[in-house]
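Working notes, structure below.
The values are calculated or read from the model by the stated rules, or taken from the named source; none is laboratory data. No experiment lies behind these values; they were computed from the predicted model shown. Neighbour counts run over all protein chains shown; Cβ positions are idealised from the backbone, glycine included.
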Amino acid sequence: MYINYTRREITVKVVYYGPALGGKTTNLIQIHDHVSGNQRSELISLKTAEDRTLFFDFLELQLGKIGGLTPRVQLYTVPGQARYEASRRLVLRGADGVVFVGDSQPDRQKENLESWLGMTQHLAGYGIELQGFPVVVQLNKRDLPGAVGVDLFRRTINLNGDTPLFEAVALDCRGVRETLRAIMERVVVRLKREISASAA
Amino acid sequence: MVDHGDVASGLSLSPLQEKALEAVLVQLAAKSSAALVLLSTRTGHYISSRGTRHDVDTAGLASLVAADLAASQYITDMVDATESHTMILREGERHTTLIAEAGPSLVLLVVASREVPLGWIRMLVQGASQRMAEITRPAPGRAMPAPAAMVPGGEFADLVGQAIDDLWTE
Ligand SMILES: Nc1nc2c(ncn2[C@@H]2O[C@H](COP(=O)(O)OP(=O)(O)OP(=O)(O)O)[C@@H](O)[C@H]2O)c(=O)[nH]1
Ligand SMILES: [Mg+2]
């Protein structure tokens, strides 16, 4: 979170985390394509020649003024491939909320779990416990035949019942906006709580 | 693993601190005849910039500058556990690019012409970094000003949700 008093802006950071090829970058591409150019930055992608994320993708959105205040959101993705563990940790630094993008394909459930546990561990390394931290889960690739049931997925990563889950087909932009909206609402609720606590 | 600076807590600068940082930036830009000096938080939030180049995507640059510094520091941690002041230097054909930490919560980027001597730029950046570190050092017993008044009350979360929907074009 960064607060600029002079310009009356609050900037928050949201990280899309999840297993390789789950659709994190696709979420950012869709958001980029559905928001007009004067309310977003360019999409920055540090990627390999094969379009796999190497370090991160970055996109900033500028929301309309609310009570004289301009909220800005920075969206990042992590690289999902196993060997980029160190980079994932760096990208998570300073996150105000995370979107976990899970893969619906039955043979990707082990990767979902490993990625979820890795995320939990990195956050803990930054002194953040999942309980009370803004997290939204997106179960992506619902269009694929044999997609796992939502309940099975929840059990696989041992997801607490309060954490919202959105089914998505990011490739067709289904569930992308809903996910973004949900994480932002949670980030803002926590922000307000922290700010009132520091004011007390 | 050594951790550098603020992580979960975020950064909020008082208007006084912002002004002081701004003054350091202006001076640095003038003395180095820099095409661009840019200040970002360590987590990649853009703060301010100066210089003759105005066509840059400052938000994107800030995220890259912070990531570059974080990656460099991680590399140093892995091969050499002693903590040091990180400064990344790139000598291009026409420009010198320097990325330096400025205290635990800020990063500084300087892009200057190759005609400006490197030693001079380095000295200016070191001085500016030090002053910025001092400006942002939290004084003991003095809490950051509470921005409570700045955040609208009521249904702020709903309004932000609505603002996300409003961004969307089909
Ligand atoms: N069928 C289907 N394919 C999808 C969907 N979302 C993304 N994809 C495809 O899945 C592949 C991987 O998507 P990316 O967005 O690059 O995945 P990622 O999570 O960023 O992967 P890494 O960068 O390696 O971590 C691409 O070929 C996408 O087109 C979806 O909802 N359904
Ligand atoms: Mg990707």
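Name the residue that is farthest from the other protein chains (Cβ to nearest Cβ), counting only residues in region A:160-180 that are touching a helix residue (DSSP H, G or I) at 6+ places or on another chain (Cβ under 8 Å) and over 22 Å from A:Ile128 (Cα atoms).
A:Glu167
Of all residues in region B:64-87 being aliphatic (A, V, I, L, M) and not in a helix (DSSP H, G or I), which is surrounded by the fewest Cβ atoms within 10 Å (Cβ to Cβ)?
Per the criteria, the residue is B:Ala81.
Being surrounded by fewer than 16 Cβ atoms within 10 Å (Cβ to Cβ), touching a helix residue (DSSP H, G or I) at 6+ places or on another chain (Cβ under 8 Å) and away from chain B (no Cβ under 14 Å): is that true of A:Asp143 here?
Yes: the conditions hold for A:Asp143.
Any residue at all in region A:91-114 that is within 13 Å of ligand 1 (Cβ to nearest atom), within 25 Å of A:Leu171 (Cα to Cα) and within 10 Å of another protein chain (Cβ to nearest Cβ)?
Looking for residues that are within 13 Å of ligand 1 (Cβ to nearest atom), within 25 Å of A:Leu171 (Cα to Cα) and within 10 Å of another protein chain (Cβ to nearest Cβ), one finds at least one in region A:91-114, hence yes.
I'd like to verify a number: residues in region A:55-66 that are in a strand (DSSP E or B), more than 16 Å from ligand 1 (Cβ to nearest atom) and not aliphatic (A, V, I, L, M), how many?
Of the residues in that region, 2 qualify.
Please pick out the residue among A:Thr6, A:Thr70 that is among the polar types (S, T, N, Q) and either near ligand 1 (Cβ under 9 Å from one of its atoms) or at the interface with chain B (Cβ under 7 Å from one of its Cβ atoms) (or both).
Selected residue: A:Thr6, the only one of A:Thr6, A:Thr70 that is among the polar types (S, T, N, Q) and either near ligand 1 (Cβ under 9 Å from one of its atoms) or at the interface with chain B (Cβ under 7 Å from one of its Cβ atoms) (or both).
Collect the residues in region A:22-50 that are more than 10 Å from ligand 1 (Cβ to nearest atom) and in a loop (DSSP other than H, G, I, E, B), keeping them in residue-number order.
The answer is A:Ser36, A:Ser41, A:Glu42, A:Leu43, A:Ala49.
Scan region A:14-63 residue by residue and report those that are among the acidic types (Asp, Glu), within 12 Å of ligand 2 (Cβ to nearest atom) and under 25 Å from B:Thr169 (Cα atoms).
A:Asp57
Within region B:1-52, which residues are assigned to a loop (DSSP other than H, G, I, E, B) and at pLDDT 85 or above?
Hits for region B:1-52 are B:Ser14, B:Ser33, B:Ala34, B:Ala35, B:Arg42, B:Thr43, B:Gly44, B:His45, B:Gly51, B:Thr52.
Residues checked against (1) over 23 Å from A:Thr26 (Cβ atoms); (2) touching a residue at least 60 places away in the same chain (Cβ under 8 Å):
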site: A:Gly94; (1), (2): yes, yes
site: A:Gly97; (1), (2): no, yes
site: A:Asp103; (1), (2): no, yes
site: A:Glu111; (1), (2): no, yes
site: A:Ser115; (1), (2): no, yes
site: A:Phe133; (1), (2): yes, no
site: A:Leu139; (1), (2): no, no
site: A:Phe153; (1), (2): no, no
site: A:Asn160; (1), (2): yes, no
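Suppose we filter B:Val125, B:Val79, B:Val56 for residues that are over 18 Å from A:Leu90 (Cα atoms) and either in contact with a Pro (Cβ under 9 Å, 6 or more places away or on another chain) or within 14 Å of another protein chain (Cβ to nearest Cβ) (or both); which single one remains?
Result: B:Val56 is the single residue among B:Val125, B:Val79, B:Val56 that is over 18 Å from A:Leu90 (Cα atoms) and either in contact with a Pro (Cβ under 9 Å, 6 or more places away or on another chain) or within 14 Å of another protein chain (Cβ to nearest Cβ) (or both).
Any idea how many residues of region A:73-87 are crowded, with 21+ Cβ neighbours inside 10 Å and within 9 Å of ligand 1 (Cβ to nearest atom)?
4
Scan region A:17-49 for residues that are under 25 Å from B:Ala71 (Cα atoms) and within 14 Å of chain B (Cβ to nearest Cβ) and report the count.
9
Test of understanding: among B:Pro145, B:Pro140, B:Pro152, which residue is buried (at least 18 other Cβ atoms within 10 Å of the Cβ) and at pLDDT below 85?
Residue meeting the stated conditions: B:Pro145.
Test B:Leu61 against the criterion of being part of a strand (DSSP E or B) and surrounded by 14 or more Cβ atoms within 10 Å (Cβ to Cβ), and give yes or no.
It is false that B:Leu61 is part of a strand (DSSP E or B) and surrounded by 14 or more Cβ atoms within 10 Å (Cβ to Cβ).
Return the only residue of A:Leu191, A:Leu159, A:Leu144, A:Leu180 being out of contact with any strand residue (DSSP E or B) (no Cβ under 6 Å at 6 or more places or on another chain), closer than 27 Å to A:Arg108 by Cα and either part of a helix (DSSP H, G or I) or β-branched (Val, Ile, Thr) (or both).
A:Leu180
What strands (runs of 3 or more DSSP E) completely inside region A:67-140 contain at least 3 residues that are within 15 Å of ligand 2 (Cβ to nearest atom)?
The qualifying strands (runs of 3 or more DSSP E) are A:70-77, A:97-103.
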